[in-house]
Amino acid sequence: MQRELMNRAKELLIDETVVRVLGWKKGDLGYNHEPAYFDSPEELEENFVYDAFCGANLSKYMIEAGKQEGKTLVFLKPCDTYSFNQLLKEHRIKRENTYIIGVGCRGNLDIDKIKAAGIKGIESVDADGDMLKVKTVYGEKEMPFEEALLERCLACKGKTHMVYDELIGAGEKEEAGPKGNRFDRVSELESLSPEERFAFWRSELSKCIRCNACRNACPACSCLKCVFDSNQFDSNQKANADTFEEQMFHIIRAFHVAGRCTDCGECSRVCPQGIPLHLLNRKFIKDINTLYGEYQAGEDTDSLAPLTNYTFEDAEPGIVAERGRK
Amino acid sequence: MQVENKKEFQPKIVAFCCNWCSYAGADLAGSSRLAYPADVKIIRVPCSCRVNPMFILRAFQRGADGVIMCGCHPGDCHYTTGNYYARRRMTLLFSMLDYLGVEHGRTRVEWVSAAEGVKFSTVMNEFVEKIYSLGENVRLEDLRCKES
Amino acid sequence: MMYKIDQARLGELFAAIAEKKDLFLPVKKADQTDFALWTKEAEVDLDTLRTVKSPKDCFFPQSETLYNTSLEEGKLSIDAAALCDRDFVVFGMRACDVQAVKVLDNVFLADPVDTYYAARREHAVLVAGACHEPEETCFCKVFGIDAAAPAADVATWRVGEALYWKALTKKGEALSEVVKEHLTPAEESAVEEAQTQIRSIIDKLPYSHLKLDVFKETPMMELFDSDRWEEMYKPCLACGTCTFVCPTCQCYDIRDFKTKDGVQRYRCWDSCMYSDFTMMAHGNMRTSQMQRFRQRFMHKLVYYPDNYEGMFSCVGCGRCVSKCPAALNIVKVIKTMGGEG
């Protein structure tokens, strides 16, 4: 599929439909591909890559790319299109400045899971089959593709693109829908005692190094200036001075994207400390679904978001206490 | 008042009250000489909808043991719909705090109209009692803001 | 003098050290390994090659209080934070981490001496372990670091069932003395085979043969004005991951926090990736992410060597290589600027 994408991108550059291409550039370790702009067919030929290590959600980059002159061609995986749609809805991207090629996806791999399986000194990864074949300085290793999937792919939203100009490679391989219920872990946490939940989150959040990777990678975090970057405010976005600050940062961040978060999982993917941040977002999504009706952010561009909407019969906040543990 | 036999723990309660109903309700409670504990510090806001989740967290950071938000009854908002949005926000926020293991009794929302001086006083008494039973807030505390 | 201890008995060694000094070592918590204070319950993890954050925290914590002010009855008092006055041991560092401490020393121990850092350094004993299974992200060899023989106060190797222990400095010898009843004398040669093995693996690693001559040979302004920066910085998300996991990044910010009855002045790591980096009253002199991105790498590869006799302020630990959310890193920069070996 990589060749097909590359060729089509070249055509669109040559016939001047687009002036630049936003895709992924081949990394030097076989798995560390970076988001990149390509301006010429030669650059594409040399560096363009598309494989199971293209996890980065390019919608985020479209906020900047969309401000530039001329059309940008962007490759979006099915789940990335939700983020793109959400940004369209919030008028953060100009649709007319974008040419979207929806690309097929069989799931993205988590290099940390591969390393956690004891595979070290990686030279190259062959991810074509059901088994990953990894060449390392310590010899050849294997591991099942399924077991190395990113957390977000374990709760895949399906292989349908929400927005695109054309599709390439979509629908090939298995049409994997959701593999597990994405709210299982949330329910599990809900069923714990408050003390246990507090202990869980304290131990997770206290790892936070305040690097802001979650915020900066998040397509929903598109504020021009984040409240945590304000110098009018004695909370510091970069100091882990007190555990309260981590709690506040993550609660407020999750709250600010509540109803707008498409559950793309970038926050958890990029967290250097492996904090399961998606469990905060999914808690909001789960509550929204139960209290205000099923809602998937990014599915469309015209519906009202749950937090900019209301009904007369909405539950009272007291429901949190009444609900008890289920 | 009920404070006397519980000297050791003096809770701090922050009450966000909307200008149009609840603040007037508190006023009425005062002018009707209805007692409510001095532990409650009222912060007047233009509308319950003005209350940002950050306000609630900052109140806890700065030493509050309980935070209550009061607004006009649904349907009576001075700005027509403000409290409907506030209702959703607070529901989700309280649910999240609960999820993080913060005792859910520490946060509360009540709709209090300008005529409900009695309700204001009853709610505040109840809430303060609740916070007494929960004790000091330690799960959402900032150690730098505590007595040294 | 080479000693050894059965690895199964390391708990006793740690307890013996902790009795006399504070002991920091890699501890696994919620699935991630970072340096933390040793306790009996701590899940010590010596197998993970690299902690997420470097041991830099032990000498130069991410946040530290400088002083507290308080107002009592109209009188203002200022209490400076106490300097570190207790010996501590950092166990389980790597050769690259040790070199990183030297990088920090150059900055913080030069005039004017950073008293907080100096106090910690004075009380610290560094115990480093050889890297028996280096990874593809490692490139310490490029900076002349030998992962098979870490240059700390005490070097250790894990061979077979034993941990070999060798003091290299006076401080190290003093520590050996403290724990000598747990150590038994061993042959120097016991670790030689492991060392050869380590060096041969390192030779095969993809980044081990980078050449950095270009940064020394090219005039500074030519590197600064290179148009490659403009293309390289693009994927950067402007988060601070690379700087916060980096063992040598030393920039900090000083901030005030309003406490209950006064002000706490503290310093915290800063990151050149952040838009408020070097913000001053007149504004900010670096106004674009490209300039901030360039600052980080020019600092590591050009300015620092220029100030400190050619010593780079990168040690090849590979933390930024594995943690950057956009898969950018210093190696890609080195290669793009012409540093391929």
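The values are calculated or read from the model by the stated rules, or taken from the named source; none is laboratory data. Computed from a prediction, not measured in an experiment: that's the story for all the values here. Please note: Cβ atoms are built from the backbone with ideal geometry, for glycine as well, and neighbour counts cover all protein chains shown.
Computed quantities for the displayed model
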item: Long-range neighbours under 7 Å by Cβ, at least six apart or interchain, first residue facing another protein chain (nearest Cβ under 7 Å) within the range A:212-241, second surrounded by fewer than 23 Cβ atoms within 10 Å (Cβ to Cβ) and part of a helix (DSSP H, G or I); result: A:ASN240/A:GLU246
item: Every residue from the range B:116-129 that is within 14 Å of another protein chain (Cβ to nearest Cβ) and either surrounded by fewer than 16 Cβ atoms within 10 Å (Cβ to Cβ) or more than 27 Å from B:GLY75 (Cβ to Cβ) (or both); result: B:GLU126
item: Residue match in the range C:69-84 (condition: assigned to a loop (DSSP other than H, G, I, E, B) and within 23 Å of C:CYS317 (Cα to Cα)); result: no
item: Residues satisfying the stated conditions in the range C:43-68, i.e. farther than 17 Å from C:ARG120 by Cβ, away from chain A (no Cβ under 13 Å) and part of a loop (DSSP other than H, G, I, E, B); result: C:LEU46
item: Output for the range A:151-172, where each listed residue is farther than 27 Å from A:ASP302 by Cα, surrounded by 13 or more Cβ atoms within 10 Å (Cβ to Cβ) and at pLDDT below 90; result: A:GLY169
item: Qualifying residues in the range B:65-75 (those that are at pLDDT 95 or above and over 18 Å from B:LEU92 (Cβ atoms)) - the one surrounded by the most Cβ atoms within 10 Å (Cβ to Cβ); result: B:CYS70
item: Number of the exception - A:VAL320 against (1) among the aliphatic types (A, V, I, L, M); (2) crowded, with 22+ Cβ neighbours inside 10 Å; (3) within 22 Å of A:CYS79 (Cβ to Cβ); result: (3)
item: Tabulated pairs, the range B:76-89, first at the interface with chain A (Cβ under 7 Å from one of its Cβ atoms) and under 24 Å from A:PHE255 (Cα atoms), second β-branched (Val, Ile, Thr) and part of a loop (DSSP other than H, G, I, E, B), C-beta under 9 angstrom, 6+ apart or interchain; result: B:TYR84/A:THR311; B:ARG89/B:VAL51
item: Residue list for the range B:53-75, filter: over 14 Å from B:ALA15 (Cβ atoms) and more than 9 Å from every other protein chain (Cβ to nearest Cβ); result: B:CYS72, B:HIS73
item: Flag for A:GLU142 being modelled with pLDDT under 95, surrounded by fewer than 16 Cβ atoms within 10 Å (Cβ to Cβ), over 17 Å from the mean Cα position of the chain (by Cα) and not assigned by TED's automatic domain parsing to the domain that holds A:GLY118; result: no
item: Residue match in the range B:32-41 (condition: at pLDDT 95 or above, within 30 Å of C:PHE257 (Cα to Cα) and surrounded by 14 or more Cβ atoms within 10 Å (Cβ to Cβ)); result: yes
item: In the range B:116-148, the residues that are touching a residue at least 12 places away in the same chain (Cβ under 8 Å) and in a loop (DSSP other than H, G, I, E, B); result: B:GLU116, B:GLY135, B:GLU136, B:ASN137, B:ARG139, B:LEU140, B:GLU141, B:ASP142, B:LYS146
item: Residue ID - farthest from C:LYS170 (Cα to Cα), chosen from residues in the range C:1-38 that are part of a helix (DSSP H, G or I) and basic (Lys, Arg); result: C:ARG9
item: The one condition in (1) in contact with a Gly (Cβ under 9 Å, 6 or more places away or on another chain); (2) more than 14 Å from chain B (Cβ to nearest Cβ); (3) not hydroxyl-bearing (Ser, Thr, Tyr) that A:ARG197 fails to fulfil; result: (2)
item: Extreme residue, farthest from C:ASP85 (Cα to Cα), among residues of the range C:118-170 that are of a type in the set (Gly, Ala, Ser) and in a helix (DSSP H, G or I); result: C:ALA118
item: One residue from B:ASN83, B:ASN52 being touching a strand residue (DSSP E or B) at 6+ places or on another chain (Cβ under 6 Å) and either within 30 Å of A:GLY293 (Cα to Cα) or of a type in the set (S, T, N, Q) (or both); result: B:ASN83
item: Residue match in the range A:290-305 (condition: within 12 Å of chain C (Cβ to nearest Cβ) and either without any contact (Cβ under 8 Å) to a residue 60 or more places away in the chain or surrounded by 19 or more Cβ atoms within 10 Å (Cβ to Cβ) (or both)); result: no
item: Every residue from the range A:1-28 that is under 22 Å from the mean Cα position of the chain (by Cα) and within 14 Å of chain C (Cβ to nearest Cβ); result: A:VAL21, A:LEU22, A:GLY23, A:TRP24, A:LYS25, A:LYS26, A:GLY27
item: Subset tally (residues that are in a strand (DSSP E or B) and among the hydroxyl-bearing types (Ser, Thr, Tyr)) for the range A:112-139; result: 2
item: The range C:187-239 - residue that is touching a helix residue (DSSP H, G or I) at 6+ places or on another chain (Cβ under 7 Å) and hydroxyl-bearing (Ser, Thr, Tyr) and, of those, surrounded by the fewest Cβ atoms within 10 Å (Cβ to Cβ); result: C:SER208
item: Residue satisfying condition, being out of contact with any Ser or Thr (no Cβ under 6 Å at 6 or more places or on another chain) and under 22 Å from A:ASN216 (Cβ atoms), within set C:LYS234, C:LYS216; result: C:LYS234
item: Exclusive hit being in a helix (DSSP H, G or I), in contact with a Lys or Arg (Cβ under 9 Å, 6 or more places away or on another chain) and surrounded by 19 or more Cβ atoms within 10 Å (Cβ to Cβ), set B:SER95, B:SER113; result: B:SER95
item: Subset of the range C:288-334 (residues that are within 12 Å of chain A (Cβ to nearest Cβ) and either more than 27 Å from A:ARG215 (Cβ to Cβ) or not hydrophobic (A, V, I, L, M, F, W, C) (or both)); result: C:SER288, C:GLN289, C:GLY318, C:ARG319, C:SER322, C:LYS323, C:PRO325, C:ASN329, C:LYS332, C:ILE334
item: Filter result for B:VAL102 (within 13 Å of chain A (Cβ to nearest Cβ), touching a Lys or Arg at 6+ places or on another chain (Cβ under 7 Å) and surrounded by 20 or more Cβ atoms within 10 Å (Cβ to Cβ)); result: yes
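Okay, residues lined up against (1) away from chain A (no Cβ under 12 Å); (2) closer than 22 Å to A:PHE53 by Cβ; (3) touching a residue at least 12 places away in the same chain (Cβ under 8 Å):
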position	(1), (2), (3)
C:CYS239	no, yes, yes
C:PRO247	yes, no, yes
C:ARG255	no, no, yes
C:CYS268	no, no, yes
C:PHE277	no, no, yes
C:THR336	no, yes, yes
